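See structure below.
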Amino acid sequence: MSNWPAETKYIGQNTPRIDGAVKVTGKARYSSDIQAAGWLYGMILRSKWPAAKITSVNLDKARQIPGIKAAVRARDGAFTVRFYGEEIAAVAGTSKQACLDALRAIEVQAEVRHEFVVNETEARKENSAQVWEGSANAPANPRPRENGNVDTAFPECAAVIEGFYSTPVQIHNPMETMGNTVSWTDDGLTAWSSTQGISSVRDGLAGALKLDHSKVRVVTEYMGGGFGAKFGAGVEGMLAAKLSKEANAPVRLMLTRFDQALAVGNRPSSFQKIKIGATADGRLHAFEAENYGTAGIGAGGDSGGGGGGADIPMPYIYQVPNTRVKQSAVAVNAGAARAFRAPGHPPASYGMESAMDDLAAKLGIDPLEFRLKNDPHPIRQREYKLGAEKFGWNQKYQKPGSSPGVVKTGIGCAGAAWPAGGGSRDTHGDAQINPDGSIEFRFGVQDIGTGTRTVIAVVAAELLGLKPEQITVRVGDTNFPPGPGSGGSTTCASVSPAVYDICQKALQQLQTQSGLADARGENWFAACKKLGVNPLVVHGQWQQGLSADHACGVQFAAVEVDTETGLVTVKKVLAVHDCGLIIDKLTLESQINGGVIMGMGYALYEERVMDDLSGVVLNPNFETYKLPGLADVPDIEVVLINMPERGVIGIGEPATVPTAGAIANAVFNAIGVRVGSLPITPAKILAALGKVPPAVAA
Amino acid sequence: MKAFQYATAHSADSARELVAGKGAYLAGGNDLLGLLKEYLISADLLVNIKSLPGLNKIEHGRKFWTIGSLVTVAQIEDDADIKKTFPGLHEAAAEVASQQIRNVATVGGNLAQHSRCWYFRHRDTVCLKKDGDLCYARNGENRYHSLFTGNTCISPVVSSLATIFASLEATAIVLRDGKETRMSMAELYQRAWENPLAHNSLSNGDLILRVEIPTARTRSAYLQASDKHAFDWALVSCAAAAEIVDGKLKSPRVALGSISPVPHQVEAANQFLDGKVLDEATATQAADLILKDAKPLEHNAYKVPLAHALIRRTLLKLKGEA
């Protein structure tokens, strides 16, 4: 189907990022680097109560702090806060210290509610405090989704296991926190946002502030990562706008790491009770699951990327003829969830892939063989076989728990599916071709760090017969032709066909205007010269037939587990991935490396910890909200399957889906017992091994 | 943080005079600035003591080595003589935080650092340690907390250096009220055992000047277990030191960190080990003695088998480096 060239010079090769130099030299301006003329610092006062009615917010004393230029309330009148860290007010001033002092001078009157609940298991109980007054925290009887008949199917199974698998709330922690610099004057509003959706930020700001869309401009030259939570300007963006208007100056309001843990999104938890059975020949036959998780006070705040809810796909990538699945979201007094890199998939993969290995062990089947029998997808079949060979699965595999000694080794694998990853038809772009042969592409998309500029340059260079460094690419400005948000792994598959379209049109016009039969490559400059004094401006749009969706991917992990200290060391992750036509191998591998590292954090370290009694997040920092460091990261080997015939597909999300499941299974294979809960900490390993004594009454 | 004044001291006595009242000593600042930024403490005056003469040296004596309180953790880690003479001290220093932090963290600051309990460190919880009414951790999230304590607070000491110094029977020399006072590691933390408000036995104005380490114990070792492979706090740390004479332990000492408000030492275990040939069974018996009275809570009971493993490994490491 695909019209992409068969022979390529740049597409599918290794092109270093065209903006690599400005990034490593610090010249690239990230949203948090923006210093608009006369800018002020902005900061937010947050609720120190998990539940309270805020009856009054007095800003007078805050305004008197030297250097303070504006102070605004988050909401007018009395209002209710439902989680620790909910926004109450904000200030803007000439220094951070002035803002800090002002926050402490704000007088808040509140009727504190002592009934609140932050633990999702407690919140499901009948006598639990209610997060939303008069409404249960979770449905009493979630409606089951059924296929076939599980009640008759389970007795027909030769082996059945029941497992309980849980995953924690994962906090959004991109290296650059959420935030904006906003300048709001009578002429309009400009926001320099750390966002993965400049258009959605513009639309959100314009809608909330009742401005014409044409009066709002959003700029994101460079931003430090967005994983689903950065589609909107957020409460912090609205507050920055109000502060800017009041102060008549630009306000930079970037969140602190502490703020980041509270109110700007997270991946919901999951508590998956799974019963699964197979026939004697190893075919999955029956699956029954109940899952609940919490998305905080609710899901979907600023979730332009879709999802963010607590439901997960079950039984994930496997086809089981008889299934019954019940799921429910549980409200707790905590910040709302948002879309988070492959919403729903990493917890689904961890739960289901764990159950698969537990059942394989009961059947006495090699878990890889078990997958090949029950996952009919032709691409994953190919990936499992290729990966197994490169990984040495057959040579390394031993029965669970049979590794000798104190430090045990184990291997595991898991698969991914990502239904999105295709292009957005609403992707527009321009190219301006100058008589001197220079060419500039302008796209109203943003680079969330994955290399969008480089992708555009690679495709253009290939089609025009130029070098990537000869292509100037401008993105991240709503003044450019509109493009989609970077969510669902769609940016690469959105811009590449649009660049294709632009290049085709540009070549046609150049050839017509110059009289040259082929304007590419060595003829490029001669053709451009014939333009005379007027540049050629070409508009293009995403076209069908050049991109697709539905990437797969499988990963293999090898671990060592110290059975006395509980420490898990990931020795190797082999990641086999497909994403249709590969545009740039270097940026692709980089994205997969990042996905594996993030998946590893989910498997072993990351977890939001909340205190039942005070309702606060106890680990709003990287000291105790633990993330993988260099010393933790294993040898990651990326194996790519190039499928040009499918067209371009995104990779951002599938790359992180199977890692936790593969690592968890490798741990199970090493120690022979299941740690049914992420993150797999030393404490949980020692408990699973039966080494932990009972607690003595406090 | 609140505004403060800043002064540089050029003698220990003037530092002490400056800090009297509401001042605080500033050396590496890793702990102090964190506390100030979270408004957990306030100081009217920060007294820079990095300028104090003579406190940034490692001095070799026949019976004692002296480490100045301004010696950085990285200096200890990188010192080849320390690695040879006190291998456990080298190992403990190498495990502290990250390279950047070790570069500025001082011995005095490492010993005097405050609790890392996440309730204590949280800006909006008022726990016992902050003069509140209850220890939230005791019935709450206590995975990182103590197995032993002499009071209601279960925040443990986390100084890696205190753990290894205790096993080496090192002495801290503290300037108190103008006089030099000698304190064992047990004494340096005793007040935290008794009083939830205390992180150690130092009073405002007390200044650690140096640490003296006896050279008698020619073998030493340190191990810690963490959630992660680097730049992470110890869940449990363990240090051991001894001489080995005719294949037998002489004057052995074992100390553990992160399981008690003080470096955890059990004299009965040290006595049991004295004169013994080190083997797996001996190490196991010592570990049993050391952990006998542990009082695990809901989420920290894993520290019992973890500490047990570390005690055995650390002791056997003493033997391995013959």
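Residue pairs, Cβ under 7 Å, 6 or more apart or interchain, first in segment A:331-356 and assigned to a loop (DSSP other than H, G, I, E, B), second acidic (Asp, Glu). List them.
A:332/A:120; A:338/A:302; A:341/A:653; A:342/A:653; A:344/A:311
Within segment A:494-515, identify whether any single residue is open to solvent by 10 Å² or more (accessible area, probe 1.4 Å), under 31 Å from the mean Cα position of the chain (by Cα) and not small (Gly, Ala, Ser), and answer yes or no.
yes
Is it the case that residue A:231 is assigned to a loop (DSSP other than H, G, I, E, B) and open to solvent by 10 Å² or more (accessible area, probe 1.4 Å)?
yes
Could you please find all residues in segment A:467-526 being assigned to a loop (DSSP other than H, G, I, E, B), of a type in the set (Val, Ile, Thr) and within 22 Å of residue A:3 (Cβ to Cβ)?
Hit for segment A:467-526 is A:490, nothing else.
Starting from residues that are of a type in the set (D, E, K, R) and in contact with an Asp or Glu (Cβ under 9 Å, 6 or more places away or on another chain), keep the ones in segment A:663-698 and report whichever is nearest to the other protein chains (Cβ to nearest Cβ).
Here the answer is A:691.
Which fully enclosed strands (runs of 3 or more DSSP E) of segment B:171-248 have 3 or more residues being within 30 Å of residue A:560 (Cβ to Cβ) and open to solvent by less than 20 Å² (accessible area, probe 1.4 Å)?
It comes to B:219-225, B:236-245.
May I ask you to verify whether residue A:644 is open to solvent by 10 Å² or more (accessible area, probe 1.4 Å) and within 14 Å of chain B (Cβ to nearest Cβ)?
Taking the combined requirement at face value, the residue does not satisfy it.
Based on this model, can you work out whether residue B:193 counts as at pLDDT 95 or above and away from every other protein chain (no Cβ under 14 Å)?
So residue B:193 fits the description; yes.
With the requirement that a residue be facing another protein chain (nearest Cβ under 9 Å), open to solvent by less than 20 Å² (accessible area, probe 1.4 Å) and more than 16 Å from residue A:679 (Cα to Cα), what does segment A:619-639 give you?
If the condition is that a residue be facing another protein chain (nearest Cβ under 9 Å), open to solvent by less than 20 Å² (accessible area, probe 1.4 Å) and more than 16 Å from residue A:679 (Cα to Cα), then A:620 is the only one that fits.
How about segment A:1-109: which strands (runs of 3 or more DSSP E) wholly inside it have at least 3 residues that are over 30 Å from residue A:476 (Cβ atoms) and either in contact (Cβ under 8 Å) with a residue 24 or more places away in the chain or not aromatic (Phe, Trp, Tyr) (or both)?
In segment A:1-109, the matching strands (runs of 3 or more DSSP E) lie at A:52-58, A:68-73, A:79-81.
Just for segment A:237-268: of the residues that are among the charged types (D, E, K, R) and more than 20 Å from the chain's Cα centre (by Cα), which one is least open to solvent (accessible area, probe 1.4 Å)?
Restricting to residues being among the charged types (D, E, K, R) and more than 20 Å from the chain's Cα centre (by Cα), the top hit is A:252.
Check every one of the strands (runs of 3 or more DSSP E) wholly within segment A:139-191 and list those with 2 or more residues that are open to solvent by less than 20 Å² (accessible area, probe 1.4 Å).
Qualifying strands (runs of 3 or more DSSP E): A:159-167, A:179-185.
Looking at segment A:594-602, can you tell me whether even one residue there is among the hydroxyl-bearing types (Ser, Thr, Tyr) and either open to solvent by 30 Å² or more (accessible area, probe 1.4 Å) or more than 10 Å from chain B (Cβ to nearest Cβ) (or both)?
yes
Please specify each residue of segment B:74-130 satisfying the condition of being in contact (Cβ under 8 Å) with a residue 12 or more places away in the chain, outside the structural domain of residue B:194 (by TED's automatic domain parsing) and among the β-branched types (Val, Ile, Thr).
none
If residue A:578 meets every condition in (1) open to solvent by less than 40 Å² (accessible area, probe 1.4 Å); (2) away from every other protein chain (no Cβ under 14 Å); (3) out of contact with any Asp or Glu (no Cβ under 9 Å at 6 or more places or on another chain); (4) not β-branched (Val, Ile, Thr) apart from one, which number is that one?
Here residue A:578 clears every test but (3).
Considering A:309, A:387, which residue is farther than 24 Å from residue A:151 by Cβ, touching a strand residue (DSSP E or B) at 6+ places or on another chain (Cβ under 6 Å), modelled with pLDDT under 95 and not assigned by TED's automatic domain parsing to the domain that holds residue A:234?
One residue alone meets the criteria, A:309.
The values are calculated or read from the model by the stated rules, or taken from the named source; none is laboratory data. Because the structure is a prediction, the values reported are computed rather than measured. Positions of Cβ are generated from backbone atoms using ideal geometry, with glycine treated the same way; all protein chains shown enter the neighbour counts. Just so you know, the surface numbers come from the protein's heavy atoms only, side chains and all, with ligands and any DNA or RNA stripped out. Shrake-Rupley method; radii C 1.70, N 1.55, O 1.52, S 1.80 Å.
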